[in-house]
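What follows is a short report on a single structure.
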Ligand code: SF4
Ligand code: SF4
């Protein structure tokens, strides 16, 4: 039996292309706002090359074939994302450093075959956390006005939204994971409108911001989201609520922790969503870990 | 989820070309068959060559038997026909060796032996590019109608439901004109989704009920429209089943052809002037079929032959997009089965429920051969049990 002999037109290669295309509105917006095309393109190309070099190194150290690693679009996308938004304040060497940490942790998790799920997510999360702090300090160093990199992002909602919608329409990302958190935020905005004065859209606009939108795209492209429909639905709703809680605390730093740690919970949602329920064991450790983090953050 | 859209716009055509008999015909049979003819026997089209599972093996040509093992080979001469004699519908279905022509290929008399309230006529033909049932319906609508009216009047059926694809105006008009005067025959148009032609999904889509093993549990019999036409020929014309209409596709050329049981793939392709060198030949549909050689014998079980370019699919790692889980018609989780293939928890994911529809492999953007993986898991679980 070797059927099928026909395949859906959507391939991972196409998804990768769509991701890069979805960044175009951001690029054009940036060129329009900053007006420094030459410098901008230079940084863009350098960033791309850096990512490729690190993906190659990753391949070399992990014995993964180049073919396997081509699928690891996330470092590439992340790098491009930061380059597009911060060509001046977030120079290439910082990204190289960040990629190095990312690679180191992933390498440890894969090479030594640590407990598959939790170790991979932990490694990933820790590397992102370090990346965040690194970015934060470098940002201070280079801009030296104390502005958080994340707060600057809120100016880019519209181009981010265009890229986001494009990815949903091309089915490159799971709409349940991407749209449901936004609807949850919208629902909360409406509820708040009834209890407090002010416009719904003003509140909603404050709640969704480009890091959230970009995170939702990026999260989908990661290998750590639930696979079942029900799992994605609940995952999206809980994510929306968490985003609200930490957004409402006006703490971009805490919000970033949610970005970093939420994917740890994936095994739980896989467990809830899968009709046959494969195993709860692998969900327990990451969930406990995540709960501790959330409690610590809220306190 | 009742299916996915595989073919963007199905282009139907209703002309049926008859493929002339080649010089030799090979009629395969299963090991447990009892063969009644000997080498050098002269047979007619319709002669009983042997018995398999209580049903006769019918000769599809007239000629001289030249070989018995491992298959019956007949040197073809001028057509002479042998008809069946019967005293009831069930008797006709048995003697004419009528099998379900939808792909299940189970003896049809077993279905009609049981009392059912609803007869569902399946015209869905969801395999992409296949239009043999469509051509059969358009060309033989009078005969199909006569058979359905006979079934309504002589069986305990309260109604007949004809399920047809909603993107075919021509078919809708033919059906509406033919059945407008009959209250008990209802037409239901359904979206052209794959695998909506599968009995279980069809019953779910029409009756909104699920059954375990057989549609009779919910009072339904599901018959393919080509089977209904074969039943008509058996009951009213006393002609056994030895030929059927299949679809042949080569790139943009599509044909509906009437073939006899036991023709070889190359006989059919050569007659249609299709060059098959350097091409992959697929028998039985692009979604559920298998790759064959030009010398493969085409039986009445098959509904199509495809000549396609040999394009290699590059496999990459899973991106956990969940498409395989969300589209599986039996609600399995192929990606989780893949992850748990060597684990003792595999049984909890029930790979044995897989109906081999290939949707998971079709939809996977990473081109992971999920169907094959699920089938391996199915084998493991069955062995374990
Ligand atoms: S469809 Fe393919 S890539 Fe998507 S979750 Fe299933 S196995 Fe993974
Ligand atoms: S081949 Fe099996 S596992 Fe795959 S979609 Fe069809 S039924 Fe589900």
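The values are calculated or read from the model by the stated rules, or taken from the named source; none is laboratory data. As the structure is a computational prediction, the values presented were derived from the model and not from experiment. No Cβ is skipped: glycine too gets one built from the backbone with ideal geometry, and neighbour counts run over all protein chains shown.
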So which residues in region B:340-351 are within 16 Å of ligand 1 (Cβ to nearest atom) and either at pLDDT 90 or above or not in a helix (DSSP H, G or I) (or both)? B:340, B:341, B:351
Here is a list of conditions, (1) buried (at least 22 other Cβ atoms within 10 Å of the Cβ); (2) within 10 Å of ligand 2 (Cβ to nearest atom); (3) outside any loop (DSSP other than H, G, I, E, B); (4) at the interface with chain A (Cβ under 10 Å from one of its Cβ atoms), and residue B:377 meets all of them except one; can you say which number that is? (4)
List every residue pair whose Cβ atoms lie under 8 Å apart, where the two residues are 6 or more positions apart in sequence or sit on different chains, the first residue falls within region A:144-169 and is surrounded by 13 or more Cβ atoms within 10 Å (Cβ to Cβ), and the second residue, located anywhere, is at pLDDT below 50 and part of a loop (DSSP other than H, G, I, E, B). A:149/A:89; A:149/A:90
Would you check which residues across region B:329-343 are crowded, with 18+ Cβ neighbours inside 10 Å and more than 10 Å from chain A (Cβ to nearest Cβ) and list them? B:329, B:338
Going by the conditions given, is residue B:331 within 16 Å of ligand 2 (Cβ to nearest atom) and outside the structural domain of residue B:44 (by TED's automatic domain parsing)? yes
Residues that are more than 14 Å from ligand 2 (Cβ to nearest atom), assigned to a loop (DSSP other than H, G, I, E, B) and at the interface with chain A (Cβ under 7 Å from one of its Cβ atoms): does region B:302-316 have at least one? yes
Please count how many residues of region B:72-95 are more than 21 Å from residue B:20 (Cβ to Cβ) and in contact (Cβ under 8 Å) with a residue 24 or more places away in the chain. 9
With respect to residue B:215, is the statement that it is closer than 16 Å to residue B:60 by Cβ, buried (at least 16 other Cβ atoms within 10 Å of the Cβ) and touching a helix residue (DSSP H, G or I) at 6+ places or on another chain (Cβ under 8 Å) true? no
Scan of region B:352-374 for residues that are more than 11 Å from ligand 1 (Cβ to nearest atom) and outside any helix (DSSP H, G or I), ordered by number: B:354, B:355, B:356, B:357, B:358
With respect to residue B:291, is the statement that it is at the interface with chain A (Cβ under 10 Å from one of its Cβ atoms), within 16 Å of ligand 1 (Cβ to nearest atom), surrounded by fewer than 18 Cβ atoms within 10 Å (Cβ to Cβ) and without any contact (Cβ under 8 Å) to a residue 60 or more places away in the chain true? no
Matching residues, region B:358-371, being touching a helix residue (DSSP H, G or I) at 6+ places or on another chain (Cβ under 8 Å), on the phi < 0 side of the Ramachandran plot and within 9 Å of ligand 2 (Cβ to nearest atom): B:359, B:360, B:361, B:363, B:370, B:371
Residue under evaluation residue B:321, criteria (1) touching a residue at least 12 places away in the same chain (Cβ under 8 Å); (2) within 7 Å of chain A (Cβ to nearest Cβ); (3) under 28 Å from residue B:99 (Cα atoms), criterion not met: (3)
